[in-house]
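Following: one structure in structure tokens, then a few remarks.
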Amino acid sequence: MELLSKLKKLLAPGNGPAELSTDFVYPYSVDEQIKREEIWNNLQRGILLEDKGILVPWGFPYFKMETIKEQKRERADRTEWNLGKRIILDGYEAQLETMRWKHIPDDNPLKRLTENLGYDEAGQERFNLLRNHLTGLLGEATKIQLQKFGSYDIGNISWEKDDIALTLVGIEHFNVRYTFNIGIKFINAIY
């Protein structure tokens, strides 16, 4: 119950950091253990866009996504922001996105970023490449729940620490779809 009230307070509109930050550790240490801690410390606060030299904090209001987006798409029930190709997590090139349902106020805080890794063979190849990158960077995953669907792996793999989770997901829905989610742990669990 304490964790839930802590998350509600943290994520309440107006309570999170409202500005991009330049207060982070980068470049990372060459020592593997120190680098791992530096990355996790950055992730507890937000996602570091290494190529831009800015940290987008968890709690960044959606209406400020205009300042960092490359593309915005309005749909009937949601707004989607594409951040473009960004270098994150010690050199990984990600195509990051986020979305806000229209019924959610635009001053609500950012809680999660996602990347569509692709479908079927191409998606599984990117899923495996990212899995190897994250394992080398952060160590073994804290949760692995995979099963076979034909020749494909479906399920999820998560690296978690404190309030943050990085999760690779494979689902079957007309084809096999793979995504990468980074964000506040409780939020990732409900999507």
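The values are calculated or read from the model by the stated rules, or taken from the named source; none is laboratory data. Worth saying up front: this structure is predicted, and the values here are computed from it rather than measured. Reconstructed Cβ throughout: ideal geometry from the backbone, glycine too, with neighbour counts over all protein chains shown. Calculation scope for accessible area: heavy atoms of the full protein, side chains included, ligands and nucleic acids excluded. Shrake-Rupley method; radii C 1.70, N 1.55, O 1.52, S 1.80 Å.
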Completion exercise
Exactly one of ASP90, ASP51, ASP107 is in contact with a strand residue (DSSP E or B) (Cβ under 9 Å, 6 or more places away or on another chain), in contact (Cβ under 8 Å) with a residue 60 or more places away in the chain and open to solvent by 40 Å² or more (accessible area, probe 1.4 Å), and that one is ASP107
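What residue, of LEU55, LEU89, is among the aliphatic types (A, V, I, L, M) and either on the phi > 0 side of the Ramachandran plot or touching a Pro at 6+ places or on another chain (Cβ under 6 Å) (or both)? Don't jump to the end; show me each part of the working.
Working: LEU55 fails: either on the phi > 0 side of the Ramachandran plot or touching a Pro at 6+ places or on another chain (Cβ under 6 Å) (or both).
Matching residue, one of LEU55, LEU89: LEU89.
Mind checking whether some residue in region 66-87 is part of a helix (DSSP H, G or I) and modelled with pLDDT under 95?
Yes, some residue in region 66-87 is part of a helix (DSSP H, G or I) and modelled with pLDDT under 95.
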Problem - Residue list for region 170-180, filter: in a strand (DSSP E or B), out of contact with any helix residue (DSSP H, G or I) (no Cβ under 8 Å at 6 or more places or on another chain) and hydrophobic (A, V, I, L, M, F, W, C) - result: ILE171
Exercise for the section: State whether the residues of region 120-137 include one that is under 26 Å from GLU19 (Cα atoms) and in contact (Cβ under 8 Å) with a residue 60 or more places away in the chain. Expected result: no
Completion exercise
Taking region 113-169 and the residues there that are among the charged types (D, E, K, R), part of a helix (DSSP H, G or I) and open to solvent by 60 Å² or more (accessible area, probe 1.4 Å), the one that is farthest from ILE39 (Cα to Cα) would be GLU121
Handout entry: Exclusive hit being of a type outside the set (Gly, Ala, Ser) and modelled with pLDDT under 95, set ASN116, ASN156, ASN132, ASN175
Key = ASN175
